[in-house]
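The values are calculated or read from the model by the stated rules, or taken from the named source; none is laboratory data. Since the structure is predicted, the reported quantities are computational estimates derived from the model, not experimental observations. When we count neighbours, we look across all protein chains shown, and the Cβ atoms used for this are built from the backbone with ideal geometry, even at glycine.
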Amino acid sequence: MTKAAELAKMGEVLTNSQIGGRRNLFYNPKMAVAQRATSVTGKTSGGYFTCDRWNVNLNTLGTWSISQATDVPSSEGFSNSMKFDCTTADASPASGDAFWVEQRFEGQDLQQLKKGTSSAEVTTLSFWVKSNKTGTYIVNILDNNASLRQISKAYTIDSANTWEQKVISIEGDTSNVLPNDNSLEFVISWFLGAGSSYQSGSLQTTWGAYDATKRAVGQVNLADSTDNEWYITGVQWEVSSQATPFEHRSFGEELALCQRYFYKTQSDSTYDFFSNGVAVSSTLAYNGIALPCKMRSAPTLTTSGNLRNYRNGGSAITTIAINHTSAYFCVLECTSSGGGLTAGDGNLFGANNDADAAVMLSAEL
């Protein structure tokens, strides 16, 4: 490329305001945050398992171990990747079988795409990937608005067991404006396997109406052998006609961004405290959880391990539920069948001889 061409290209990037920070639209793109777990095994269906904001869609296509790995491209400054390891193979997928990993986006975070207007922006998706299984893989971009639209792009893993960077240009879509709200409006998915229901058409390589049969045409089946594994890290999606250097953000920034969608408070010791509250009877206390940031919406609750109300001894919690919740604050209704509380007294809430006890609040898309 001539010097003039280089300057022209740089001018284009500067014009699109992409040379500074906050270019990357992805959350947790280098897999640094894993609040739920660093590894899981035996997965045959989908969900959020390890690295925050990365949802697994798995419909009866093999059995998988999924982990936050330390295998990374040596020259890029990453510490983690997300690894998928096939532990039970499925060499003959049924028509509806599918396996992909995705990230979901709020409409209000993507207004800069100018989608649905004559000024719709070209974007560039870049990422690092590694697998022992070479061949064609598919990335699907889905507009999840009322009038579903999609586009799919193929990339090739050329060399087995070698980190490769892939760069994909995505043209702007002049149809279907994205609502400016906190609802699920956009999904980017990396397919790892798919049955005929996702491959019987022709690959949708330009924006068009949603058709499941056109989503993953040509996709290899990563589930066809227990020798297969697939890694991804360094994902960047930006409003630009070219890929720019990866935007490294601090761990604290990434954690805060992820906590908008999922917050886990966990004990550091066997009798750690999570919050305080007030007893309303000998067996019931209300305990408040101050959220670290405004969550996307009022969260739902799950817990793990053994929990306890503490006041004059207190006792183990037998049932726990949300009494009141908003995107800012959550009040838990904690029942201890063993009693030990006094109505009107203050209460402490925490782990009951369990260093793995945790309270988890989710506002995922």
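Pairs linking a residue in the stretch 79-101 that is in contact (Cβ under 8 Å) with a residue 12 or more places away in the chain and exposed (fewer than 14 other Cβ atoms within 10 Å of the Cβ) to a residue that is of a type outside the set (S, T, N, Q) and outside any strand (DSSP E or B), with Cβ atoms under 6 Å and 6 or more positions apart or on different chains, are 91/224; 94/195; 95/195.
Quick one: in the stretch 133-147, which of the residues that are over 18 Å from residue 199 (Cα atoms) and among the small types (Gly, Ala, Ser) is modelled with the lowest pLDDT? Outline the logic, then answer.
Keep residues of the stretch 133-147 that are over 18 Å from residue 199 (Cα atoms), which gives 133-134, 143-147.
Checking the rest, the ones that are also among the small types (Gly, Ala, Ser) come to 146-147.
Details: 146: 80, 147: 87.
Among them, the one singled out is 146.
Restricting the first residue to the stretch 169-187 and requiring it to be closer than 13 Å to residue 151 by Cβ, which pairs with a second residue that is in a loop (DSSP other than H, G, I, E, B) and among the β-branched types (Val, Ile, Thr) meet a Cβ separation below 8 Å and a spacing of at least six or different chains? Sorted first by the residue in the stretch 169-187, then by its partner, the pairs are 169/122; 170/122; 171/122; 171/206; 172/122; 174/117.
Scanning the stretch 301-333 for residues that are of a type in the set (Val, Ile, Thr) and touching a Leu at 6+ places or on another chain (Cβ under 7 Å) yields 317, 320, 322.
If you go through the stretch 179-210 and pick out every residue that is within 26 Å of residue 108 (Cα to Cα) and under 20 Å from the mean Cα position of the chain (by Cα), you end up with 11.
Assess whether residue 298 counts as being crowded, with 19+ Cβ neighbours inside 10 Å and either touching a strand residue (DSSP E or B) at 6+ places or on another chain (Cβ under 7 Å) or in the same structural domain as residue 160 (by TED's automatic domain parsing) (or both). Break it down stepwise before answering.
Values: crowded, with 19+ Cβ neighbours inside 10 Å: no; either touching a strand residue (DSSP E or B) at 6+ places or on another chain (Cβ under 7 Å) or in the same structural domain as residue 160 (by TED's automatic domain parsing) (or both): yes.
Here the answer is no, as residue 298 does not meet what is asked.
Could you check how many residues of the stretch 119-176 are at negative phi, polar (S, T, N, Q) and in a loop (DSSP other than H, G, I, E, B)?
Step one: of the stretch 119-176, the residues at negative phi are 119-134, 136-160, 162-175.
Filter again for polar (S, T, N, Q), leaving 119, 123-124, 126, 131-132, 134, 136, 140, 144-145, 147, 150, 152, 156, 159, 162, 165, 169, 174-175.
Right, trim to in a loop (DSSP other than H, G, I, E, B) and you get 119, 132, 134, 144-145, 147, 159, 162, 174-175.
Summing the residues that are at negative phi, polar (S, T, N, Q) and in a loop (DSSP other than H, G, I, E, B) in the stretch 119-176 gives 10.
Residues that are farther than 25 Å from residue 30 by Cα, among the small types (Gly, Ala, Ser) and in contact with a Phe, Trp or Tyr (Cβ under 9 Å, 6 or more places away or on another chain) do occur in the stretch 186-206.
Residues in the stretch 244-260 that are surrounded by fewer than 20 Cβ atoms within 10 Å (Cβ to Cβ) and in contact with a Leu (Cβ under 9 Å, 6 or more places away or on another chain): 249 only. For the stretch 182-201, the criterion of a residue being surrounded by 20 or more Cβ atoms within 10 Å (Cβ to Cβ), hydroxyl-bearing (Ser, Thr, Tyr), modelled with pLDDT of 95 or more and assigned by TED's automatic domain parsing to the domain that holds residue 44 is satisfied by at least one position.
Residue 327 meets the conditions (1) in a loop (DSSP other than H, G, I, E, B); (2) touching an Asp or Glu at 6+ places or on another chain (Cβ under 6 Å); (3) among the small types (Gly, Ala, Ser) in every case but one. The failed one is (2).
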